[in-house]
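Student: Questions regarding the structure given below will be posed in turn.
The values are calculated or read from the model by the stated rules, or taken from the named source; none is laboratory data. This structure is a prediction, so every number in the text was calculated from the model and none was measured. No Cβ is skipped: glycine too gets one built from the backbone with ideal geometry, and neighbour counts run over all protein chains shown. Protein only, heavy atoms only, side chains kept; ligands, DNA and RNA dropped before computing areas. Shrake-Rupley method; radii C 1.70, N 1.55, O 1.52, S 1.80 Å.
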Amino acid sequence: EIRGESAESGHTFDSFGGFHEDEITIEGNPYGPFEFEMAVRNIDKSAWLKFNEAMQEESAQYGQTGTDAASEAFSALLPEFIKRSPEIEISRLRFTSVDGALTGHAFIKIDGSSAAENPEMAANPLFLLMAVSAGAELTVSKSLLDTILSGFDEDSRDEELKEMTVKALLEDNYIVEDGDNYRLEAAYELGSITVNGKPLDMGSMLMNQ
């Protein structure tokens, strides 16, 4: 079941959507239910209309809308798109199975107040780095993570490799144990990333690539 709706308010509009599937089959095995809900808020209505017009013109001229054209049109309208401080939220993510559940929530926000006063600032990558804030939370049962790491194929499970992977994730603080589950909490603000409450050392991370 797929659902979606939108609402307008003054100079902005919001969009909401999601889907629910009672059962999905992966590698021949049934899983479910699977639920996903997402919201996009505070999109500048004028910018959205201009973007759609640009895409319609592209389609009328070339018979289709290319990714490059969409990216170019969006970039040109970026100051207008972000001036109302838009946000995207995954308000519900839930995947259930006989091995347990995976649940999550995430958001990303852009403080566009400065761009509204000075549109040229939106073209500055440093401005975007400082204007964006984001967060994510993910919880997965230990047995379901085992299944995911095996590619949902019980016959191909490499226990030693799985244990090494989980151990590395725990040691690097990408996941933490929480009873029968593993948990991840990440946040980004003012150019800094924290994972499970600890600052992420980007320098060391890049050196280990």
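Student: Just the residues that are open to solvent by 50 Å² or more (accessible area, probe 1.4 Å), in contact with a Phe, Trp or Tyr (Cβ under 6 Å, 6 or more places away or on another chain) and in contact (Cβ under 8 Å) with a residue 24 or more places away in the chain, please, taken from the range 12-35.
Tutor: E27
Student: Of the numbered conditions (1) surrounded by 16 or more Cβ atoms within 10 Å (Cβ to Cβ); (2) at pLDDT below 95; (3) closer than 30 Å to N29 by Cβ, L102 satisfies every one except a single condition; which is it?
Tutor: Here L102 clears every test but (2).
Student: Then there's this: S9 passes all but one of (1) over 25 Å from F107 (Cβ atoms); (2) open to solvent by 70 Å² or more (accessible area, probe 1.4 Å); which number fails?
Tutor: (1) is the only condition that S9 fails.
Student: Any chance the range 57-77 includes a residue that's in contact with a Phe, Trp or Tyr (Cβ under 6 Å, 6 or more places away or on another chain) and either open to solvent by less than 70 Å² (accessible area, probe 1.4 Å) or not hydroxyl-bearing (S, T, Y) (or both)? Spell out the reasoning first.
Tutor: Looking only at the range 57-77, we keep the residues that are in contact with a Phe, Trp or Tyr (Cβ under 6 Å, 6 or more places away or on another chain), and these are 73, 77.
From what is left, the residues that are either open to solvent by less than 70 Å² (accessible area, probe 1.4 Å) or not hydroxyl-bearing (S, T, Y) (or both) are 73, 77.
Looking through the range 57-77, at least one residue is in contact with a Phe, Trp or Tyr (Cβ under 6 Å, 6 or more places away or on another chain) and either open to solvent by less than 70 Å² (accessible area, probe 1.4 Å) or not hydroxyl-bearing (S, T, Y) (or both).
Student: In the list L144, L129, which residue meets the criterion of being modelled with pLDDT under 95, under 21 Å from S192 (Cβ atoms) and either among the aromatic types (F, W, Y) or assigned to a helix (DSSP H, G or I) (or both)?
Tutor: Within the list L144, L129, the selection yields L129.
Student: Which of the helices (runs of 4 or more DSSP H) found entirely inside the range 1-117 contain at least 3 residues meeting this: of a type in the set (S, T, Y)?
Tutor: Helices (runs of 4 or more DSSP H) meeting the threshold: 45-62, 67-82.
Student: Quick one: which of S114, S143 is small (G, A, S) and more than 22 Å from G179 (Cβ to Cβ)?
Tutor: S114
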